[in-house]
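Take a look at the structure below.
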Amino acid sequence: MQKILLADSDKELIDKVKNAPGNEHYVFEQARTGEEVLEKLADFEPKLVYIDLLLPEMHGIELLKRIRANPKSEGLGVILSSTNSMIQNFHAAIKEGVDYFLTKPFEIPFLYILFDRFFEGTLLPEDFGPEEAPHIEEHETYTPRNHDIHSYLKFWGTRGSNAVSGSEYIRFGGNTVCLEVRHGEDMVIIDAGTGIRPLGKTIDTSVYKTIHIFLSHTHWDHVTGFPFFDPVYDPDVQIIIWSPVGFEKSTRELFTEMLAYSYFPVRLEDIRAKISFNDLRDGHPVSIGDITINTHYAFHPGATLCFKIQVGGKSLGYATDNEMLLGYHGNPNAIGKDHSLIKTHQSIIDFFKNCDILVHEAQYTPLEYQRRVGWGHSSISNAAVLCKYAEIKEWIVTHHDPKHTDEDLLDKLQLHKDILKECNLHCQVQMAFDDMKILI
């Protein structure tokens with residue numbers, strides 16, 4: 001009886017081959033690694049060896065080359081088999097003198113036919129694969145569900161305080177805060193920092209005749225881009241500005257002063273678009289088409305709001321200026337649910353509870369925050385407490401400090417991850433950057 005060495009790590013396949021009809025004509029031995037094959041070639045002295053291409057420890061092509069380079073293996077038949085039946089592997093096997101390249105999966109009786117052909121002296125390699133690709137019906141092809149590319153958040157500015165530029169700010173950008181929210185034909189803009197300027201160049205005012213801008217507050221970094229927003233110079237456009245009620249002057253009065261001739265060549269009353277101002281109040285939602293904007297007071301100097309955007313079945317929190325746990329410098333794990341600081345922040349925690357995404361600032365590291373208490377911005381660790389009790393699963397950090405370069409923000413990102421891990425929070429975190437788009 002003829003000896004055949006079977007080399008494959010699939011024990012179930014080996015057992016099927018050894019126990020198949022016709023096995024009485026052959027004596028089988030098995031190997032599971034390339035080195036074991038080389039050992040059993042000397043001890044077992046087979047006439048034919050079946051080898052899986054991806055045999056552990058040694059690739060089938062390397063094993064084939066070593067067999068063909070050994071004078072003692074002259075006349076030994078080699079059948080290579082693999083699910084990795086790429087044409088490059090086929091050609092390499094043919095070049096090294098394989099007797100047959102067998103594509104997995106295969107029927108066991110066909111393998112026995114190959115055994116018989118070899119010992120009859122009629123086994124020859126066949127051409128690789130079909131001449132034409134098999135026809136596949138459309139319904140047989142997996143087609144993943146595409147996101148609606150017309151429903152998204154886009155960050156046009158992610159800096160706080162003031163805009164920055166230079167080679168150290170290329171990755172995350174330097175425009176101050178501006179967020180675009182789109183859902184089909186509905187659009188709202190949140191904040192009018194310098195990021196609103198590039199946004200304005202993309203808006204087709206023949207389609208968007210009414211544009212809604214929501215201001216979290218009227219500090220410079222949130223409004224300074226407004227005079228450079230192209231649609232304000234289109235007479236066919238109506239721009240509605242929504243803003244919290246301030247302590248000193250109305251938003252209209254502030255915009256009028258900002259656009260005085262001493263500061264800018266175009267006054268508010270000379271702007272060609274139709275401008276109107278509406279008050280935003282805590283707890284009073286506003287709907288623009290299918291986009292609903294909910295509001296809540298933020299912990300920041302002056303009348304400042306944070307937002308919860310409900311759109312496309314998702315709930316998205318947005319807070320660029322919110323000093324959580326004012327003056328707290330301790331370990332975030334020390335803030336239990338019954339801590340007095342949690343009780344004073346329970347309303348805003350409930351506001352953001354279970355948002356699908358929370359966009360929230362963490363402008364300072366814990367060390368930086370020691371010198372910034374009362375400035376209206378959170379430390380990373382204090383913002384993490386909000387994520388914990390609001391049960392946030394995805395956190396996007398925005399309103400980056402203008403002093404923080406790309407390298408600094410990458411270091412801060414790692415610090416965010418370290419703090420979340422220490423707090424045992426299963427929350428994904430990433431840094432927002434200019435032009436970042438999140439599909440809803």
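Any read-out appearing in this document is the output of simple, stated calculations on the displayed coordinates, not a laboratory observation. Since the model is a prediction, treat every value here as computed from it, not as a measurement. Cβ: placed from backbone, ideal geometry, glycine included. Neighbour counts: every protein chain shown.
State the extension gain, in nm to one decimal, for the chain segment bounded by H139 and K393, taking 0.36 nm per residue of separation less the distance between their alpha-carbons. Mind showing how you got there, number by number?
Working: separation 254, 0.36 × 254 = 91.44 nm, distance 3.55 nm.
Stretched fully, the H139-K393 segment lengthens by 87.9 nm.
In the structure shown, do any of K72/K95; K249/K274; K201/K274; K18/K47; K308/K388; K274/K437 have a Cα-Cα gap over 25 Å, and if so which? Correct reply: K274/K437.
Our note on the geometry: Cα centres of segment 114-129 and segment 205-256, 79 Å apart.
Along segment 54-67 the Karplus relation, 6.51 cos²θ - 1.76 cosθ + 1.60 evaluated at θ = phi - 60°, assigns HN-Hα couplings of 9, 5, x, 6, 8, 5, x, 5, 4, 4, 4, 4, 5, 5 Hz to successive residues, with x for each Gly and Pro. Sorted ascending by nearby beta carbons within 10 Å, beginning with the fewest, L409, L124, L54 become L124, L54, L409.
Residues in segment 45-63, backbone N under 17 Å from the label point at I94 (7 Å along the Cα-to-beta-carbon vector): list them, ranges by number please. From segment 45-63, the list is 61. Shown is the FRET efficiency for F106 and K403, computed with R0 = 60 Å from the Cβ-Cβ distance and rounded to the nearest 0.05: 0.40. Pairs of Cα atoms in the chain fall into 20 Å distance bins, from 0 up to the last occupied one, in shares of 22, 32, 17, 23, 6, 0 percent. Estimated purely from DSSP H runs of n ≥ 4, each contributing -39500 (n - 2.57), the mean residue ellipticity at 222 nm for the chain is -7000 deg cm²/dmol once divided by its residues.
Here the extension length gained between N354 and Y263 equals 28.4 nm, from 0.36 nm per residue of separation less the Cα-Cα distance.
Loop-located chymotrypsin sites (Phe, Trp or Tyr not before Pro) across segment 94-131 with a Cβ neighbour count of 13 or fewer within 10 Å are F106, with loop assigned by DSSP. Here segment 282-399 carries DSSP beta bridges of which approximately 65% are antiparallel, counting only pairs with both residues inside. Here S347 and Y208 are evaluated by their C-beta separation; at R0 = 51 Å the FRET efficiency comes out at 0.90.
In segment 133-273, the DSSP beta bridges split such that about 55 percent are antiparallel, to the nearest 5. Between N424 and V245, the simple label model (points 7 Å from Cα in the Cβ direction) yields a spacing of 4.5 nm.
I want the antiparallel fraction of DSSP beta bridges within segment 151-439, as a percent rounded to 5. Could you put the intermediate results ahead of the total?
Details: 29 of 57 bridges.
Of those bridges, close to 50 percent are antiparallel.
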